[in-house]
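The structure appears below as structure tokens.
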Amino acid sequence: MSSTSLTAGVRILGTPAERHDEILTPEALDFVARLDAAFADRRLEILKERRRRTGNLASGTPLDFSRATSAVRADPDWQVAPPAPVLLDRRVEITGPPDRRMAVNALNSAAKVWMADFEDATAPTWNNIVGGQLNLLDAIERRIDFTTLEGKEYRLGSDLATIMVRPRGWHLLEEHLEIDGRPVPASLVDFGLYFFHCAQRQIDAGHGPYFYLPKLENRYEARLWNDIFLFAQDLLGIPRGTVRATVLIETITAAFEMEEILYELREHSAGLNAGRWDYLFSLIKTFGHRTDFQLPDRAAVTMSAPFMRAYTELLVRTCHRRGAHAIGGMAAHVPSRDTDANTAALAKVRLDKEREAEDGFDGSWVAHPGLVPVCRKVFDGVLGDRPNQLERTREDVEVTATDLLSVRRIAAPPTREGIRSNIAVALRYFDAWLRGSGAVALYGLMEDAATAEIARVQIWQWLRHDRVDRSTVIDLLDAECAALEAEDSQARVLDAREVFVDTALSIRLPAFFAPETYSRHLVRLATGPVTA
């Protein structure tokens, strides 16, 4: 890796590539450095609080709605800011990494929103991070059109999705960028570069700087983001309240603080989203030591499970009570040429979206442009000409702490196929991630980091509670390694196997697979695919 200093105290360790200088300007880096100086220490406090609370829950402290914030929940009068005009109708949102091809396809997909995902759908190579910023800038400037070597043209149309950006979570550092000898929080890099280059451009285009916030665990983390928005807006002379942000409720602790999270972000809030796979990952990570929190095969945990119904219905009720959008979960099916398989998969997607629309969600996520018409048709049928259904306040919903934690009601032992499937998916995802791809089509589904997380923590939990023996897991892992090597001679099988063993078979469960894997494979990650 190279080392370049462009502004006082800032060093770029990542390998430079074409047009990186358009993003990594001295002014942009100075903006990121100001964010770092103001908020890096508070990030460390938040991570310390996460560890403290995790320890308390592991030692038996019950998880419940906070008595300290009961007044916030009881106050009937406060509301979040009205939706930004271009975010009034969000009936279909498409997600994916900010690579050039995805950007064009997503923006042209007829979805209302494209979430450009620097987090779960992006492997953090330096080229992916900086190239993704370039692609967003080019898309806003309408200069992203290109033609592949095979002659296929990608051109922006006239009716484009609104861009929302998901920066990486607080647990991650950007080790390709240092300030005063220490890596910068990845969240501040992703947010800061986009905000500096694109906030005013988006405002001039009639949109604005809009974001999705991942992995929040409590109200204090929402408060931190709100303070960052205020600081950034003031620094660039942008009116307060211009930013809008949707929070993904994808941790079990955040599910107990939905109203508090909306309250902390109320002048910048654009609602909440039900991040289902990360939510299950968080549930196992938090309570994996307990025998009464053992989930069955991943495929058997549907959104109709009582504890998942409680989670989504509470989300809708909370959002609509406060005037905020409620956005549903991901449909990850990748359309195939197998007509029968495709018909069956689309039927499942339709049923899932029908449940969400009937429950009161204002829109939902898809991972592939081919799913946009299915999702849109379902929500069109419920919404009609209305942009949303914020008026459905779901006063009929009453959710208790017991409801959110009633995992035992679907408990079942893992099957051999469920164990094998988790190993196969996690191994292949780790291989793709190490080679620079964060969103991967596997077995008919578009998988991202959330999938690998739930797959590997399930294996860890089943081993911990003797639901499967280690020798069986090793045998299946070896078989999948051999299969992967046969499928792709370029696969990094040994590295992917090492990541799996370290993150799924260790005595101590790592909180996330990415931080240590990123550091260990940093040099090789720096040479990932160029996306701009």
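Of the residues making up segment 315-345, those that are more than 18 Å from D117 (Cβ to Cβ) and open to solvent by less than 40 Å² (accessible area, probe 1.4 Å) are L315, V316, T318, C319, H320, R322, G323, A324, H325, A326, N342, A345.
Every residue, every condition in (1) modelled with pLDDT under 95; (2) more than 22 Å from the chain's Cα centre (by Cα); (3) closer than 30 Å to H20 by Cβ, yes or no:
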site	(1), (2), (3)
C481	no, yes, no
E485	no, yes, no
F512	no, no, yes
T527	yes, yes, yes
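Filtering segment 283-298 for residues that are within 16 Å of the chain's Cα centre (by Cα) and charged (D, E, K, R) leaves an empty set.
Answer yes if at least one residue in segment 454-476 is surrounded by fewer than 20 Cβ atoms within 10 Å (Cβ to Cβ) and over 19 Å from A504 (Cα atoms), and no otherwise. Scanning segment 454-476, I find no residue that is surrounded by fewer than 20 Cβ atoms within 10 Å (Cβ to Cβ) and over 19 Å from A504 (Cα atoms), so the answer is no. All told, D227 falls short of being without any contact (Cβ under 8 Å) to a residue 24 or more places away in the chain, surrounded by fewer than 20 Cβ atoms within 10 Å (Cβ to Cβ), within 22 Å of P82 (Cβ to Cβ) and not polar (S, T, N, Q). For segment 164-209, the tally of residues that are touching a Phe, Trp or Tyr at 6+ places or on another chain (Cβ under 6 Å) and aliphatic (A, V, I, L, M) stands at 2. With a requirement of 3 or more residues that are loosely packed, with under 14 Cβ neighbours inside 10 Å, the helices (runs of 4 or more DSSP H) lying completely within segment 1-90 that satisfy it span 26-58, 70-74.
Exactly one residue out of Y263, Y210 is crowded, with 23+ Cβ neighbours inside 10 Å and touching a helix residue (DSSP H, G or I) at 6+ places or on another chain (Cβ under 9 Å): that is Y210.
Only a single criterion out of (1) closer than 30 Å to G370 by Cβ; (2) out of contact with any strand residue (DSSP E or B) (no Cβ under 7 Å at 6 or more places or on another chain); (3) open to solvent by 40 Å² or more (accessible area, probe 1.4 Å) is not satisfied by I507, namely (1). Taking the criterion of being more than 21 Å from the chain's Cα centre (by Cα), within 18 Å of L88 (Cα to Cα) and not hydrophobic (A, V, I, L, M, F, W, C), the residues of segment 199-248 that qualify are Q202, G206, H207, G241, T242. The combined condition, being surrounded by 13 or more Cβ atoms within 10 Å (Cβ to Cβ), of a type in the set (F, W, Y) and within 19 Å of the chain's Cα centre (by Cα), is fulfilled by F191. When restricted to residues that are touching a helix residue (DSSP H, G or I) at 6+ places or on another chain (Cβ under 6 Å) and assigned to a loop (DSSP other than H, G, I, E, B), segment 307-323 contains 1.
Mind checking whether some residue in segment 163-186 is under 16 Å from the mean Cα position of the chain (by Cα), within 26 Å of D234 (Cβ to Cβ) and charged (D, E, K, R)? Yes, there is a match, as at least one residue in segment 163-186 is under 16 Å from the mean Cα position of the chain (by Cα), within 26 Å of D234 (Cβ to Cβ) and charged (D, E, K, R). Looking only at residues of segment 231-247 that are touching a residue at least 60 places away in the same chain (Cβ under 8 Å) and either open to solvent by less than 10 Å² (accessible area, probe 1.4 Å) or out of contact with any helix residue (DSSP H, G or I) (no Cβ under 9 Å at 6 or more places or on another chain) (or both), we find that the one that is nearest to L35 (Cα to Cα) is A232. Looking only at residues of segment 266-277 that are crowded, with 23+ Cβ neighbours inside 10 Å and at pLDDT 95 or above, we find that the one that is farthest from the chain's Cα centre (by Cα) is H268.
Pull up segment 353-380, narrow it to residues that are open to solvent by less than 30 Å² (accessible area, probe 1.4 Å) and not in a helix (DSSP H, G or I), then point me to the one that is farthest from E93 (Cα to Cα). It comes out as G360.
With the structure loaded, tell me whether R350 is in contact with a helix residue (DSSP H, G or I) (Cβ under 7 Å, 6 or more places away or on another chain), modelled with pLDDT of 95 or more and surrounded by fewer than 19 Cβ atoms within 10 Å (Cβ to Cβ) or whether it fails that test. Yes, satisfied. Every condition in (1) open to solvent by 10 Å² or more (accessible area, probe 1.4 Å); (2) more than 25 Å from A84 (Cα to Cα); (3) in contact with a strand residue (DSSP E or B) (Cβ under 6 Å, 6 or more places away or on another chain); (4) acidic (D, E) holds for E174 except the one numbered (1).
Applying the set (1) without any contact (Cβ under 8 Å) to a residue 60 or more places away in the chain; (2) open to solvent by less than 50 Å² (accessible area, probe 1.4 Å); (3) within 16 Å of G169 (Cβ to Cβ); (4) aliphatic (A, V, I, L, M) to L107 leaves exactly one unmet item: (3). Could you go through segment 419-427 and let me know if any residue there is at pLDDT 95 or above and open to solvent by 20 Å² or more (accessible area, probe 1.4 Å). Checked against the condition, which is being at pLDDT 95 or above and open to solvent by 20 Å² or more (accessible area, probe 1.4 Å), segment 419-427 yields at least one hit. Checking each residue of segment 254-267 against the condition of being in contact with a Gly (Cβ under 7 Å, 6 or more places away or on another chain) and either free of Cβ contacts under 8 Å to residues at least 12 places away in the same chain or within 25 Å of D89 (Cβ to Cβ) (or both) gives at least one match.
The values are calculated or read from the model by the stated rules, or taken from the named source; none is laboratory data. It should be emphasised that the depicted structure is a prediction, and the values quoted were computed from it without experimental measurement. Cβ atoms come from the backbone with ideal geometry, glycine included; neighbour counts cover every protein chain shown. Please note that ligands, DNA and RNA were not included when accessible areas were found on the heavy atoms of the full protein model with its side chains. Shrake-Rupley method; radii C 1.70, N 1.55, O 1.52, S 1.80 Å.
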